[in-house]
Amino acid sequence: MPDRSVLDRLAGQLVVSCQADPGSPLRDSQTIARMALAAQRGGAAGLRIQGFEDVGAVRAACALPIIGLTKTDRADTDVYITPTAEEAARLGELGCALVALDATGRPRPQPLAELFAAVHAAGALVMADISTLDEAHTAMTLGADVVGTTLAGYTPHSRQLSTPDWLLMDELRAAGVPFVAEGRIHTPHDAARALDHGAAFVVVGSAITRPDVITSWFAGALRGE
């Protein structure tokens, strides 16, 4: 049976996404584990980690709860985050407290209900990454434990924004849908504001763990971009 107490442990807290894309100088599982330890030292209450190898390395180094996911390119779907029940179950078996997966309305290789059931059978909770209020309702009806605003602005049918989708957060709060704020949260002010908009907790990635991206923000500003 999944342990729902982790949601209480994370309530009002910061979760840090420690990921590095292929080709990044940081693309090494032990480097990811060191980033996780640095995030823990800074006050993170949880971690969002991509890939089986990175999850294993972080689990061995750090006791914080992990939101696990995979990123898989497939020719048959635009769904990218944990697209199959096999991947979702494996993350639960590796000890992830939550498994994040794409719960948007895009065509998918397997029904969402199958993925949710696989996660729960593996002893983990489901974090359904959505981009609209309707997708959030569908995910909760199918058994998601919490939704994340992760994919707002990254699907063609969601609002295209350069900022967090504050309106979506307000819609979720008004509808009584438990949600995690994630996506384009670039400052401590944004993170605190997300709680004010009703987020259960906040996930921040690029602004903390991607120095190449952060550098590009500063370099672009100096170029007047």
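The values are calculated or read from the model by the stated rules, or taken from the named source; none is laboratory data. Quick caveat: nothing in here was measured; it's all calculated off a predicted structure. Cβ: placed from backbone, ideal geometry, glycine included. Neighbour counts: every protein chain shown. Side chains are part of the model used for accessible areas, which takes the heavy atoms of the whole protein and leaves out ligands, DNA and RNA. Shrake-Rupley method; radii C 1.70, N 1.55, O 1.52, S 1.80 Å.
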Inset, instruction - Can you send over the carbon and sulfur percentage of the accessible area for the chain, probe radius 1.4 Å, protein chains only? - result: 54
Legend entry - Area accessible to solvent at THR215, 1.4 Å probe radius, in Å²: 90
Legend entry - Rounded Å value of the spacing that divides the Cα centres of segment 1-77 and segment 104-140: 19
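So for segment 72-156, what percent of the C-alpha to C-alpha distances run longer than 14 Å? Write out the running numbers ahead of the final one.
On the way: 2002 of 3570 pairs.
I get 56 percent for the Cα pairs in segment 72-156 exceeding 14 Å.
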Inset, instruction - State, as an integer percentage, the relative contact order of segment 34-84 based on alpha-carbon contacts under 8 Å between residues 6 or more apart. - result: 31
Legend entry - Rg and Dmax [Cα atoms of segment 1-117; Å; Rg one decimal, Dmax integer]: 14.4, 41
Legend entry - Gaussian network model of the chain, Cα within-10 Å springs - most flexible of LEU142, LEU47, LEU151: LEU142
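For segment 122-222, what is the convex hull volume of the alpha-carbon atoms per residue, in Å³? Mind showing how you got there, number by number?
Details: hull volume 11.9 nm³, N = 101.
Roughly 118 Å³ of hull volume per residue.
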Legend entry - the chain: C-alpha pair distances exceeding 27 Å, %: 27
Inset, instruction - Bin all alpha-carbon pair distances of segment 7-63 at 10 Å intervals from 0 and give each bin's fraction as a whole percent. - result: 26, 53, 19, 2
Inset, instruction - Report, by chain and number, residues whose modeled amide H sits under 5 Å from the one on GLY51, excluding near sequence neighbours (fewer than 5 apart, same chain). - result: LEU69, THR70, LYS71
Inset, instruction - Starting from the amide H of MET127, placed 1.01 Å from N in the peptide plane, find each other amide H under 5 Å away whose residue is 5 or more places distant or on another chain. - result: VAL99, ALA100, LEU101
Legend entry - Vicinal HN-Hα couplings computed from phi for segment 95-108 (Karplus, 6.51 cos²θ - 1.76 cosθ + 1.60; Hz; Gly/Pro x): x, 5, 6, 10, 10, 8, 8, 5, 10, 6, x, 5, x, 9
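For the chain, what does the relative contact order come out to in percent, with C-alpha contacts under 8 Å and a separation of six or more? Walk me through the numbers before you get to the answer.
Numbers: 450 pairs, mean separation 39.9, N = 225.
Answer for the chain is 18 percent.
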Inset, instruction - For segment 200-205, just list the computed ³J(HN,Hα) in residue order, Karplus coefficients 6.51, -1.76 and 1.60, θ = phi - 60°, integers in Hz, with x standing in for Gly and Pro. - result: 5, 7, 10, 10, 10, x
Inset, instruction - List the residues of segment 1-19 whose backbone N lies under 13 Å from a point placed 7 Å from the Cα of ALA63 along the Cα-to-Cβ direction. - result: none
